[in-house]
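Chemist: Sharing a structure here in structure tokens format.
Here, each number is a calculation from the coordinates, and none is a lab measurement. The shown structure was predicted, so the numbers you read here are calculated from the model rather than taken from an experiment. With ideal geometry, Cβ positions are generated from the backbone for all residues, glycine too; neighbour counts draw on all protein chains shown.
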Amino acid sequence: MEKTFLMVKPDGVQRQLIGEIVSRFERKGLQLVGAKLMQISEELAEQHYGEHKGKPFFTELVEFITSGPVFAMVWQGENAIEICRQMMGKTNPKEALPGTIRGDFGMFVGKNVIHGSDSPESAEREIQLFFKEEELLTYDRHINTWIY
Ligand code: DAT
Ligand code: MG
């Protein structure tokens, strides 16, 4: 089963959207295998967003993602990465469709509520960056036969 890394950003935590967001992925049929409320250090932020280093918004991005607690999660399911990206909506909330998380809750690209891995490579990298192996659980979910 494919795993993806998702994170409610500091704006989503402050706006009390953790439950709403977790609920959407649960109802879709994805399985939660790890989660924690945490504060991102500047070092971790720079590693996580390494691909954006040098871009004009990088400093602001690091400042924002370290500005308060985030809710980091790993979700599992067939095609989890692509399905979660679809559910998040486009990066810029002004382009994100209604019904997506960013489309429903975001107004501004710099505060777009949620992060999600965009490829198998980034999912693997981000999961390793945020979670220890023992923090990810393997467990049977008896509703699986009604989802797949
Ligand atoms: P995504 O979060 O959809 O994967 P990304 O990886 O291109 O998008 O960018 C990471 C984050 O950086 C994004 O969620 C918000 C911020 N960002 C991206 N483009 C930006 C821009 N043009 N101005 C301000 N912030 C931006
Ligand atoms: Mg990205």
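Chemist: Just subtract the alpha-carbon distance of residue 95 and residue 107 from 0.36 nm times their residue separation and send over the number in nm, one decimal. Intermediate values should be presented prior to the final figure.
Modeler: On the way: separation 12, 0.36 × 12 = 4.32 nm, distance 0.99 nm.
Contour length minus the Cα-Cα distance gives 3.3 nm.
Chemist: Now a separate question. Which value in deg cm²/dmol, rounded to the nearest 500, describes the helix-derived mean residue ellipticity at 222 nm for the chain, given -39,500 (n - 2.57) per DSSP H run of n ≥ 4 and division by the residue count? Kindly include the intermediate steps, with their values, before the conclusion.
Modeler: Working: 8 runs with 60 residues, N = 148.
Computed ellipticity for the chain at 222 nm equals -10500 deg cm²/dmol.
Chemist: Now, a different point. At a 10 angstrom cut-off on C-beta neighbours, averaged per residue, how do the peptides 106-112, 52-58 rank from highest to lowest? The partial results should precede the final answer.
Modeler: Values: 106-112: 16.6, 52-58: 11.0.
Per-residue mean Cβ counts within 10 Å order the peptides as 106-112, 52-58.
Chemist: Here's something else I'd like to know. Mind pulling the angle between the C-alpha long axis of helix 18-28 and the longest principal axis of the chain? Nearest 10 degrees, somewhere in 0 to 90.
Modeler: 40 degrees
Chemist: Applying 1/(1 + (r/R0)^6) with R0 = 22 Å to the Cβ-Cβ distance of residue 37 and residue 132, what FRET efficiency is obtained, to the nearest 0.05? Before the final figure, lay out each step's value.
Modeler: Working: r = 16 Å, r/R0 = 0.71.
So, using R0 = 22 Å, E works out to roughly 0.90.
Chemist: Further, regarding this structure: Lysine pairs in the chain with alpha-carbon atoms under 18 Å apart, 8 or more places apart or on different chains: how many are there?
Modeler: Taking the Cα cut-off of 18 Å, the pair count is 11.
Chemist: Would you mind getting me the FRET efficiency between residue 124 and residue 15? Use the beta-carbon distance for r and R0 = 25 Å, nearest 0.05. Can you show the working numbers first?
Modeler: Working: r = 30 Å, r/R0 = 1.18.
Computed FRET efficiency for residue 124 and residue 15 comes out at 0.25.
Chemist: With θ taken as phi - 60° and the coefficients 6.51, -1.76 and 1.60, list the Karplus ³J(HN,Hα) couplings across segment 131-148 in order, rounded to whole Hz; mark glycine and proline as x.
Modeler: Karplus values, whole Hz, x for Gly and Pro: 10, 7, 3, 6, 7, 9, 9, 10, 8, 6, 10, 6, 7, 3, 5, 9, 10, 10.
Chemist: In the chain, if the dipole is taken from +1 on Lys/Arg beta carbons and -1 on Asp/Glu beta carbons about the Cα centre, which of 17, 76, 50 is farthest to the positive end?
Modeler: Final value for the positive-end residue is 17.
Chemist: Next question, about the same structure. Helix 120-130 versus the longest principal axis of the chain: what is the Cα-based angle in degrees, 0 to 90, to the nearest 10?
Modeler: In the chain, helix 120-130 runs at an angle near 80 degrees to the longest axis.
Chemist: Output the relative contact order of the chain, whole-number percent, from Cα pairs under 8 angstrom with separation of 6+ residues. Can you show the working numbers first?
Modeler: Working: 227 pairs, mean separation 49.8, N = 148.
It rounds to 34 percent for the chain.
Chemist: What's the Cα-based Rg to Rh of the chain, Rh via Kirkwood? Don't jump to the answer; show the numbers that get you there.
Modeler: Values: Rg = 14.8 Å, Rh = 15.6 Å.
That ratio is 0.95, to two decimals.
Chemist: Using θ = phi - 60° and the Karplus curve 6.51 cos²θ - 1.76 cosθ + 1.60, what whole-Hz ³J(HN,Hα) does each residue of segment 71-77 get, with Gly and Pro shown as x?
Modeler: 10, 8, 9, 10, 10, 10, x
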